[in-house]
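Novice: Attaching a single structure in structure tokens format; questions to follow.
The values are calculated or read from the model by the stated rules, or taken from the named source; none is laboratory data. Bear in mind the structure is a predicted one, so any value in this text is a computation, not a measurement. Counting neighbours? That spans all protein chains shown, and the Cβs are built from the backbone with ideal geometry, glycine included.
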Amino acid sequence: MKTKANTTSWVVTGLGAAVTAVGATALSGPAAAGVIGFGAAHIVLGVLDMFRPTIRNRS
């Protein structure tokens with residue numbers, strides 16, 4: 001189960017990096033700032049999710 005959670009975190013982080021790169025290179029003005037912020041938020045949330053403790057069910 002840990003592998004799937006870690007993979008999801010990497011996907012969210014990578015998606016955030018891609019969105020940030022697009023915002024920094026392809027856009028200009030206020031739209032670029034919004035897209036860069038949106039991507040940066042995904043990067044931060046993906047990294048935080050990697051360090052979040054997991055809850056194990058005892059069944």
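Novice: Any residue that is among the charged types (D, E, K, R), surrounded by fewer than 14 Cβ atoms within 10 Å (Cβ to Cβ), modelled with pLDDT under 95 and part of a helix (DSSP H, G or I) - is there at least one of those in the stretch 43-52? Break it down stepwise before answering.
Specialist: If we filter the stretch 43-52 for residues that are among the charged types (D, E, K, R), which is where we start, we get 49, 52.
Narrowing further to those that are surrounded by fewer than 14 Cβ atoms within 10 Å (Cβ to Cβ): 52.
Of the ones still in play, those that are also modelled with pLDDT under 95 are 52.
Within this subset, residues satisfying the condition of being part of a helix (DSSP H, G or I) are none.
For the stretch 43-52, residues among the charged types (D, E, K, R), surrounded by fewer than 14 Cβ atoms within 10 Å (Cβ to Cβ), modelled with pLDDT under 95 and part of a helix (DSSP H, G or I): absent.
Novice: Being touching a residue at least 24 places away in the same chain (Cβ under 8 Å), part of a helix (DSSP H, G or I) and out of contact with any strand residue (DSSP E or B) (no Cβ under 7 Å at 6 or more places or on another chain) narrows it down to one residue among Val35, Val19, Val12; which is it?
Specialist: Val12
Novice: Tally the residues that are surrounded by 14 or more Cβ atoms within 10 Å (Cβ to Cβ) and modelled with pLDDT of 90 or more, restricting the search to the stretch 25-37.
Specialist: First pass over the stretch 25-37, keeping only residues surrounded by 14 or more Cβ atoms within 10 Å (Cβ to Cβ): 27, 32, 35-36.
Right, trim to modelled with pLDDT of 90 or more and you get 32, 35-36.
The total comes to 3.
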